[in-house]
Amino acid sequence: MSAVLETRALVKQFGGITATDRISFSLERGARHALIGPNGAGKTTFVNLLTGVLRPTSGVVMLGGADITTLSREARVRLGLVRTFQINQLFATMTPLEMIAAVTSERLGLGASSFSRLDASATLVTETADILARFRLDDIMDETIATLPYGKQRQIEIAAAFAAKPSVLLLDEPAAGVPEAERRELLDTVAALPADVSVLLIEHDMDIVFRFATRITVLVNGQVLADGAPDAIARDPAVRTAYLGEAAHG
Amino acid sequence: MSAPDLAASGLAGHVRASLMLSRRWHTAEALFWVGAIAAAFLFPRQLLLMNEIAILALFALSLDLILGYAGIVSLGHAAFLGMGAYSAGLVALHIASDPLLGLFVGMAASGLLGLVTSPLVLKGNDLTRLMVTLGVGLLMLELANALSFITGGADGLQGIMMGKLFGHFEFDLFGRTAYAYSLGVLFVLFVLARRIVHSPFGLSLRAIRDNPLRATASGVPRNWRLAAVYTLSAAYAGAAGALLAQTTQFVSLDVLDFHRSADVMLVLIIGGAGYLYGGLIGSIAFKFLQDFISGFTPQYWQFWIGLFLVLFVLGGREMIHGGIKAVLARLRALKPGKRP
Amino acid sequence: MALLTILIDGVAYGMVLFVLACGLSVTLGLMNFVNLAHGAFAMAGGYVAVVLMQRFGIPFLWTLPAAFLATASAGWLLERSVYRPMYAKSHLDQVMFSIGLVFMSVAAMKYVMGSQQQIIQLPGWLLGRFEFVGVSVGRYRLFVIMVCGALALGLSWIFARTLFGSRLRAAVDDARVARGLGIPVNALFAATFAAGSGLAGLGGALGIELLGLDPTFPLKFMIYFLIVVTVGGTSTISGPFFAAMLLGVADVAGKYLIPQAGSFIIYALMVVLLVLRPDGLFARTKA
């Protein structure tokens, strides 16, 4: 197996504080990989470095073997590195249909064409329909997103990321804030993501992590504390003291 | 979904229909434009006022492109109106009197100014944008004032003689040609704007307006798109300025005045932003209001406009827009249902 | 030595701008409210002084506190009635609302006082210039510098050293947290708004001789206040103060040395500064 997303000795300093300290990390093709760590471990900074919100102080980010350390956020998206957000970031005045179409048209490279019609591209239409069906949004596709229940909005958050056709999908706490009743549907959605999409899950909820991930990386104080298969991580005494023990009490 | 393939193909049909629906012409729209033409025959003595309305509508349409569709607030849109007006006026004075040439030059000049100043509105929040655009607007006014050897300074550009439209139609005292010309330009540019906002580009603008973070995370190059629509909007405002210069045959520093920027914002706020007709409806309401008020108190009409603004923002808007929405919903209910 | 005279004129001008604009900077910082009608209070203060002097023969010095009190109470009333519902609305709504107020005040003042420039008769001891180490100094300008300088010192003392000031700073920093700590943010804001309006009125009265006074005052100087606030930031007193000094000196020098450029230099300066530092030149950078 080869790494599709990789970082080498990634360092980010804010003033005197080192938020991520020489993180070397690799995400295998088709992986179901979870990134965990207590609050302040540097997860958010790490994700921001991966997606291009922040530039690293030193170190390299590679996507599919190519150096993307200095690429813009949107350029990384076009290369297939896509994320969801911990707090929903949606096109609230649009319908789910329009939002998926907007993301899809951008991926198809239509976004700059100002004279063509939206319904003229057969690919745009069928791909939008496919995603609406896959994420079971077809029954609400004409409602305004802002009026939909939170669980549905969370679903759209993931569907919209998927519409950008990711090779690597970063899911930032996908189930955060979703009520118990709607949680199951959402987790099914995550589990049903196609195998060729490599997924990095950033998560607090250990149930979700152990149910979903085949590999886990533990981040503590900006450093990789452990990295390996779920049962090995669960047994790792260092992880237990630094993180799991704390979570079990909290 | 018992038969996914079938459902999916039906779904694709629905998606196509939904994407088409937004750009399909509605009967009410046709009525609006027929009404605009009919007005010329119904009120032949009001043509000059109607010409002003058409020009203001175009100016407001241009603001709607950035405010309603891309979420860029501006308090200096008069900069582009003025650029268009002076360019068209100068073309008529020094180069050729053909109105279409002046219109084209006015649009190009303003579009260029929009392109050059677009980096200024890409940064910062609403507040910074309001101030930066205000600053650019005032800058242009100062510039026009300082360059009096070109602009005529406080005296303005005088003695503009317009040639015949299409070499045929003379600009008359009653505003017949003027109104037809302005309405024609407004219509053509409106159709173009309508096409653009319903294109993939237009959808990406709405994406940026709704949520810049997600738009970027979906691969939308935010800055380029905003610069493009800002340039387009500036060119539209330039067209309005050119029409103003050509049909009144006069350009003064007033076209760059702050009240122009504030007025057009008011027009759009009255009519509602983000559906293209807001500026058109707003300009009709605004001009009638202005005409009515200045009928009995010409000097102090600004007071009443100000009062109107204050009351409008304090709570009147919900009332007016609620009414418009109710009417639209009625109209929509007359159409066959949206769902298959 | 003409340059030093320009400098002194510019400082006097900047001092008045500071007194005029500092209220706006605090309201903007405190409630995140854009009050473009701030200049209307300044104009009102100017006219209060004019009317008191011309119609009632009250000496100039006494008109200054009167201008402060009159506009402060007007500010207090308006804050309680029409401004408060606006805090929750968008910046665009706030801007349109306050532009509406500007239009109303301009037209109303034109109706009441006429559109001519107002001229006041300063007391004799404030007239003319004197030579100081070879530099010609206007007596009135020196007076303005002393009054406004004392005000600036007083304000920064209040801001930095008193309970009121520390509460104000806390509320500017984060109104929600301040509320949670039991600071009465609404009352604080009403008081600050009134004081800010009063200072604007005082500045308007002091500025008649330097800035002129006619009904278009709120529109003409709106941009100056905005420059002071945007360049100076909203979290300190010193920020707007230095911004006002910079603006005053640059404007006087520009108009004196390159008169044909008019206010062009100032506006260009503002646009450039805003683009380079969208949060203000003296603002603390947020992490």
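The values are calculated or read from the model by the stated rules, or taken from the named source; none is laboratory data. Values in this document were obtained by computation on a predicted structure and should not be read as measured data. Ideal geometry is used to build each Cβ from the backbone, glycine not excepted, and the neighbour counts take in all protein chains shown. Keep in mind that these areas ignore ligands, DNA and RNA; they rest on the heavy atoms of the full protein, side chains included. Shrake-Rupley method; radii C 1.70, N 1.55, O 1.52, S 1.80 Å.
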When you check B:PHE80 against the structure, is it more than 9 Å from chain C (Cβ to nearest Cβ), without any contact (Cβ under 8 Å) to a residue 24 or more places away in the chain and aromatic (Phe, Trp, Tyr), yes or no?
no
Going by what's in this entry, would B:ALA193 be described as more than 7 Å from every other protein chain (Cβ to nearest Cβ), over 21 Å from A:ASP119 (Cβ atoms) and open to solvent by less than 10 Å² (accessible area, probe 1.4 Å)?
no
Output for the stretch C:146-164, where each listed residue is modelled with pLDDT under 85 and open to solvent by less than 40 Å² (accessible area, probe 1.4 Å):
C:PHE159
Quickly run through the stretch A:189-199 and pick out the residues that are open to solvent by less than 60 Å² (accessible area, probe 1.4 Å) and assigned to a helix (DSSP H, G or I).
A:THR189, A:VAL190
Could you list all residues from the stretch B:71-97 that are open to solvent by less than 10 Å² (accessible area, probe 1.4 Å), at pLDDT 95 or above and out of contact with any strand residue (DSSP E or B) (no Cβ under 9 Å at 6 or more places or on another chain)?
B:HIS77, B:ALA78, B:ALA79, B:PHE80, B:LEU81, B:GLY84
Looking only at the stretch A:56-83, count every residue that is closer than 18 Å to B:PRO221 by Cα and in contact with a helix residue (DSSP H, G or I) (Cβ under 8 Å, 6 or more places away or on another chain) and tell me the total.
9
Yes/no for C:MET53 being modelled with pLDDT of 90 or more, open to solvent by 20 Å² or more (accessible area, probe 1.4 Å), more than 15 Å from the chain's Cα centre (by Cα) and not charged (D, E, K, R)
yes
Being of a type in the set (Phe, Trp, Tyr), surrounded by fewer than 19 Cβ atoms within 10 Å (Cβ to Cβ) and facing another protein chain (nearest Cβ under 8 Å) is the filter here, so list the residues in the stretch C:77-123 that pass it.
C:TYR111
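Scan the stretch A:210-240 for residues that are hydrophobic (A, V, I, L, M, F, W, C), open to solvent by less than 20 Å² (accessible area, probe 1.4 Å) and under 20 Å from the mean Cα position of the chain (by Cα) and report the count.
Counting residues in the stretch A:210-240 that are hydrophobic (A, V, I, L, M, F, W, C), open to solvent by less than 20 Å² (accessible area, probe 1.4 Å) and under 20 Å from the mean Cα position of the chain (by Cα) gives 4.
Can you find even one residue in the stretch B:153-168 that is in a helix (DSSP H, G or I), within 14 Å of chain A (Cβ to nearest Cβ) and either farther than 19 Å from B:SER74 by Cα or charged (D, E, K, R) (or both)? Lay out the reasoning, then the answer.
Taking the stretch B:153-168 as the starting set, the residues that turn out to be in a helix (DSSP H, G or I) are B:153-155.
So of that shortlist, the ones also within 14 Å of chain A (Cβ to nearest Cβ) come out as none.
The answer is no, given that none of the residues of the stretch B:153-168 is in a helix (DSSP H, G or I), within 14 Å of chain A (Cβ to nearest Cβ) and either farther than 19 Å from B:SER74 by Cα or charged (D, E, K, R) (or both).
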Going through (1) open to solvent by 30 Å² or more (accessible area, probe 1.4 Å); (2) under 28 Å from C:ILE223 (Cβ atoms); (3) part of a helix (DSSP H, G or I) one by one, B:LEU100 fails only at (2)
Pairs where the first residue, in the stretch A:144-161, is within 11 Å of A:LEU132 (Cα to Cα) and the second is open to solvent by less than 20 Å² (accessible area, probe 1.4 Å) and not in a helix (DSSP H, G or I), C-beta under 7 Å, 6+ apart
A:GLN155/A:PHE135; A:GLN155/A:LEU137; A:ILE156/A:LEU90; A:ILE156/A:LEU137; A:ALA159/A:PHE135; A:ALA159/A:LEU137; A:ALA160/B:SER218
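Only helices (runs of 4 or more DSSP H) wholly contained in the stretch B:206-310 count here; list those with 2 or more residues that are open to solvent by less than 10 Å² (accessible area, probe 1.4 Å) and within 14 Å of chain C (Cβ to nearest Cβ).
Details: elements: B:212-217, B:222-248, B:258-271, B:277-296.
Of the helices (runs of 4 or more DSSP H) lying wholly inside the stretch B:206-310, those with at least 2 residues that are open to solvent by less than 10 Å² (accessible area, probe 1.4 Å) and within 14 Å of chain C (Cβ to nearest Cβ) span B:258-271, B:277-296.
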State yes or no: is A:ALA181 more than 10 Å from every other protein chain (Cβ to nearest Cβ), closer than 21 Å to A:VAL209 by Cβ and open to solvent by 10 Å² or more (accessible area, probe 1.4 Å)?
no
Test for C:ARG141: is it out of contact with any helix residue (DSSP H, G or I) (no Cβ under 7 Å at 6 or more places or on another chain) and part of a helix (DSSP H, G or I)
no
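Which of the residues that make up the stretch C:174-196 are surrounded by fewer than 13 Cβ atoms within 10 Å (Cβ to Cβ) and part of a helix (DSSP H, G or I)?
In the first step, residues of the stretch C:174-196 are kept if they are surrounded by fewer than 13 Cβ atoms within 10 Å (Cβ to Cβ); the result is C:174, C:176-177, C:180-182, C:187.
Hits for the stretch C:174-196 are C:ARG176, C:VAL177, C:GLY180, C:ALA187.
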Among A:THR128, A:THR84, A:THR93, the single one that is without any contact (Cβ under 8 Å) to a residue 40 or more places away in the chain and of a type in the set (Val, Ile, Thr) is A:THR128
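Check whether at least one residue in the stretch B:45-67 is within 11 Å of another protein chain (Cβ to nearest Cβ) and open to solvent by less than 50 Å² (accessible area, probe 1.4 Å), and report yes or no.
First, pick out the residues of the stretch B:45-67 that are within 11 Å of another protein chain (Cβ to nearest Cβ): B:67.
Then drop every residue that is not open to solvent by less than 50 Å² (accessible area, probe 1.4 Å), which leaves B:67.
The answer is yes; a qualifying residue exists.
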Just to be sure before I move on: is B:VAL15 within 14 Å of chain A (Cβ to nearest Cβ) and either open to solvent by less than 10 Å² (accessible area, probe 1.4 Å) or of a type in the set (A, V, I, L, M) (or both) in the structure I sent?
yes
Which residues, taken from the stretch B:103-121, are open to solvent by 30 Å² or more (accessible area, probe 1.4 Å), within 13 Å of chain C (Cβ to nearest Cβ) and over 19 Å from B:LEU143 (Cα atoms)?
B:PRO119
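Looking only at helices (runs of 4 or more DSSP H) that lie completely in the stretch A:44-154, which have at least 3 residues being more than 7 Å from every other protein chain (Cβ to nearest Cβ) and surrounded by fewer than 19 Cβ atoms within 10 Å (Cβ to Cβ)? Before you say what the answer is, go through the steps one by one.
Numbers: elements: A:73-78, A:96-107, A:122-134.
The qualifying helices (runs of 4 or more DSSP H) are A:122-134.
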